[in-house]
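Comments concern the structure below.
We did not get these values from a lab; they are worked out from the coordinates using the rules stated. On a predicted model such as this, the values are computed, not experimentally measured, just so you know. All Cβ positions, even for glycine, are placed from backbone atoms using ideal geometry, and neighbour counts span all protein chains on display.
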Amino acid sequence: MEPEPTPASPLVVVVGPTGSGKSTLALRVAESFSGEIVNCDSLQLYRGFDIGTAKTPPAQRGATPHHLFDVLDPQIGYSAGQYARDTRAVLREISTRNRLPILVGGTGFYLKALLDGLPPLPERDATLREDLARREAIRPGVLHRLLRRLDPRSAAAIHPRDIQKLIRAVEVRVLTRGARPMPKVSEPLTGYRVLKIGLNPDRAELAAALDHRTQEMFERGLLDEVRGLLASGCSGTEKPFESLGYKQALTVVRGEISLETAIVTTQNETRQYAKRQRTWFRRDPEIHWFDGFGHSIRVIEQCAALVREFITLS
RNA sequence: GGACAGGUGGGUGAGUGGUUAAAGCCAACAGACUGUAAAUCUGUCCCUCCUUGCGAGGUACGAAGGUUCGAAUCCUUCCCUGUCCA
């Protein structure tokens, strides 16, 4: 085993539930340590989806470069694997310039794909998927039975009703059939030392802040943003329209539900989403947790101290 | 004051004499996650106890009585709520 020829570059990661103040904290850290922000949010990747994704407006970004924001058109389907590849390139580029990359976002799966890597498996196959979905619709349960034959291990790990995951698992087996021992190992990110920072604001306070933020998004023109997207050629079936706020705004624009109902359901689902994020990040033992919001002076100072220690270590 | 309708677990809402601690939905809580991930999916959800079991006990369908082997379901009175008539 050869030792790493060059010392590993530092990488700071800021995670936490939506609305916990990740962007603010990351920006402060970036300002103090010559950092550059790299997006790790599956929706802020999309162009035109600004209000509902709580994207930091360019005016507030100051001189700090932001990467991987607004890089996708709504009709582009994306994936964790693609994200990992794209982001690794961006990270390297930033480090080459001796700047500190700061990864920010709440999409745990993308972060995992980036840091730990994904096994080298085939990408999605639309036609195959359609076929599989059709079969399952006709005979509920077939996919799970099929997977049990093709790959008993994954079958045991995936619930029979989780169609989305079943389709992928079956797809992988079908696509790699005959392709002998697929390397089962993932390819983790190399060449980096990672500092993971997690924001953990008080639950009730976060819920209140989230309710308020949702209300504000609608007041600040979420509906108009959706109308504009529709006017510029979107059909409303694109992936980012499946997300919180956009999903509801779309039905309001179409006159299917009232604004009030939309706000309330968005608030509920946002709260539930925040919970799922906590569940995801909670089990990562490498995260340094901070109780509070990312815009709290106290949290910013504590994080800055941690980061300072982290980067001078190299 | 009179006539109807109705009061069910955190919310909604089924249930009209017996496998009903009470469907479903929502909220809440916990969890899973190997290319759709702001997605998708799972579990718990009256209380107590234990030998954690299709376990034991207790409480529960506005209140109090009654009928019955047995009541959320039937009867009586009372209290509330809604609509309509005065």
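A few notes on this one:
- Selection from the range A:272-290 of residues that are touching a Gly at 6+ places or on another chain (Cβ under 7 Å) and within 6 Å of RNA strand B (Cβ to nearest atom): A:TRP280
- Residue pairs meeting the criteria (Cβ under 8 Å; at least 6 apart or on separate chains; first in contact (Cβ under 8 Å) with a residue 60 or more places away in the chain and over 20 Å from A:HIS212 (Cβ atoms), in the range A:264-284; second near RNA strand B (Cβ under 7 Å from one of its atoms) and assigned to a helix (DSSP H, G or I)): A:TRP280/A:GLY108; A:TRP280/A:PHE109; A:PHE281/A:GLY108
- The residues of the range A:194-215 that are within 13 Å of RNA strand B (Cβ to nearest atom) and either part of a helix (DSSP H, G or I) or out of contact with any Pro (no Cβ under 9 Å at 6 or more places or on another chain) (or both), listed by number, are A:ASP202, A:ARG203, A:ALA204, A:GLU205, A:LEU206, A:ALA207, A:ALA208, A:LEU210, A:ASP211, A:ARG213, A:THR214.
- Scope the range A:57-97; condition hydroxyl-bearing (Ser, Thr, Tyr), more than 21 Å from A:SER232 (Cα to Cα) and within 11 Å of RNA strand B (Cβ to nearest atom); matching residues: A:SER79, A:TYR83
- Extreme residue, nearest to A:THR107 (Cα to Cα), among residues of the range A:263-275 that are of a type outside the set (Phe, Trp, Tyr) and in contact with a Ser or Thr (Cβ under 7 Å, 6 or more places away or on another chain): A:ALA274
- When A:GLU123 is tested against (1) surrounded by 14 or more Cβ atoms within 10 Å (Cβ to Cβ); (2) under 21 Å from the mean Cα position of the chain (by Cα); (3) within 11 Å of RNA strand B (Cβ to nearest atom); (4) of a type in the set (Asp, Glu), exactly one condition is not met: (1).
- The set of residues from the range A:126-144 being more than 9 Å from RNA strand B (Cβ to nearest atom), surrounded by fewer than 17 Cβ atoms within 10 Å (Cβ to Cβ) and on the phi < 0 side of the Ramachandran plot comprises A:ALA126, A:THR127, A:LEU128, A:GLU130, A:ASP131, A:ARG134, A:ARG135, A:ALA137, A:ILE138, A:ARG139, A:PRO140, A:VAL142.
- Residue in the range A:163-186 that is over 22 Å from the mean Cα position of the chain (by Cα), loosely packed, with under 15 Cβ neighbours inside 10 Å, farther than 30 Å from A:ALA30 by Cα and within 9 Å of RNA strand B (Cβ to nearest atom) present: yes
- Pairs with Cβ under 7 Å, 6+ apart, first in the range A:112-125 and at positive phi, second in a loop (DSSP other than H, G, I, E, B) and near RNA strand B (Cβ under 7 Å from one of its atoms): A:GLY117/A:SER186
- Matching entry among A:THR265, A:THR251, A:THR270 (being assigned to a helix (DSSP H, G or I) and farther than 30 Å from A:LEU199 by Cα): A:THR251
Residue-by-condition table, conditions (1) assigned to a helix (DSSP H, G or I); (2) closer than 28 Å to A:LEU45 by Cα; (3) of a type in the set (S, T, N, Q); (4) out of contact with any helix residue (DSSP H, G or I) (no Cβ under 8 Å at 6 or more places or on another chain):
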position	(1), (2), (3), (4)
A:LYS112	yes, yes, no, no
A:PRO122	no, yes, no, no
A:ALA133	yes, yes, no, no
A:ALA137	yes, no, no, yes
A:ARG153	yes, no, no, yes
A:PRO160	no, no, no, no
A:ALA169	yes, yes, no, no
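- Among the residues of the range A:41-81, those identified as part of a helix (DSSP H, G or I), in contact (Cβ under 8 Å) with a residue 24 or more places away in the chain and surrounded by fewer than 18 Cβ atoms within 10 Å (Cβ to Cβ) are A:GLN60, A:ALA80.
- Flag for A:VAL14 being touching a Cys at 6+ places or on another chain (Cβ under 9 Å) and of a type in the set (A, V, I, L, M, F, W, C): yes
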